[in-house]
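Data block below; observations after.
The values are calculated or read from the model by the stated rules, or taken from the named source; none is laboratory data. These figures come from a predicted structure and were not determined experimentally. No Cβ is skipped: glycine too gets one built from the backbone with ideal geometry, and neighbour counts run over all protein chains shown.
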Amino acid sequence: MLRILLILRTSLILASLISLLLISGQNSEARPIISGISANEINIDSNFAGQKILLFGAKGDVGDIVIVVRGPKKSYIVNKKAQIFGVWHNRKRMKFDEVYSYYSLFSTNPELSDQELFKRLEIGKENIVVKSPNSKNKGDEINFKLHLINKLSDKNLYLTNSDKINFLDETLFKVMIDFPKNISQGEYLVEIYLIDESSLIAYQSIPIYVNQTGFSAEVNKMAHDHALVYALMAILLAVLAGYIANFIFAKLFK
């Protein structure tokens, strides 16, 4: 059954690619980029181990394709530790707001790098806008930003050229987007750019929705909607667990 579903899914994707080729050939002037994805929803449960989504498309004009995937924005606190008398302590910390929780970059031309355009579009790790609301030292802010991006990269949440864009011919292209198991729920945005000689020729965006399902989703919803009740239940469970542990310990070593 699973094999049949995979065959049907592959056939559907191939049919979509052929349709894109026909459309791009007929309307290349009106639609410089036409693209789609194999799925626009990811459901996370306790067994979620990551998911790959195929992006496919066709370009009807000259230029390089750049694809950026951005996750929902979150707040992060970055700590830097220092060793004092042989013991590690959190020496400095900095909070960053409105940071992409996921960032992935693909390009048909790795050498393509227009500083002004890429900075404006936040293309490339070095161009991602990450600011701390309470920072008074620009040098510290830059160092903490690099530390944060490196930590997210180590968790496979920030990726650049993780997989190349493959062209089936001069027009059709495809790329596999890898979402690791530790992604956050929320709306992700797949952005497709067509760039030629430092000029943005065309742009398209496709949303992907990441949802949490199952028991963990109900727990998170309760923690968000009924924070006081959730806190009281957590305290009650902790006290009950401690009482049971003490009771068992007393019985065993009486």
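The set of residues in the range 189-208 that are over 23 Å from LEU117 (Cβ atoms) and either touching a helix residue (DSSP H, G or I) at 6+ places or on another chain (Cβ under 7 Å) or surrounded by 13 or more Cβ atoms within 10 Å (Cβ to Cβ) (or both) contains only ILE208. Each residue in the range 137-169 was checked for being farther than 18 Å from MET94 by Cβ, modelled with pLDDT under 90 and of a type outside the set (A, V, I, L, M, F, W, C), and 7 pass. The residues of the range 126-145 that are in contact (Cβ under 8 Å) with a residue 12 or more places away in the chain and under 19 Å from LEU200 (Cα atoms) amount to a single one, ILE128.
Restricting attention to the range 140-156, does a residue exist that is part of a strand (DSSP E or B), farther than 23 Å from GLU197 by Cβ and not aliphatic (A, V, I, L, M)? Scanning the range 140-156, I find no residue that is part of a strand (DSSP E or B), farther than 23 Å from GLU197 by Cβ and not aliphatic (A, V, I, L, M), so the answer is no.
For the range 157-168, the criterion of being in contact (Cβ under 8 Å) with a residue 12 or more places away in the chain, within 21 Å of SER75 (Cβ to Cβ) and outside any helix (DSSP H, G or I) is met by at least one residue. Screening VAL129, VAL190 for residues that are assigned by TED's automatic domain parsing to the domain that holds ASP45 and touching a strand residue (DSSP E or B) at 6+ places or on another chain (Cβ under 6 Å) leaves exactly one candidate, VAL190.
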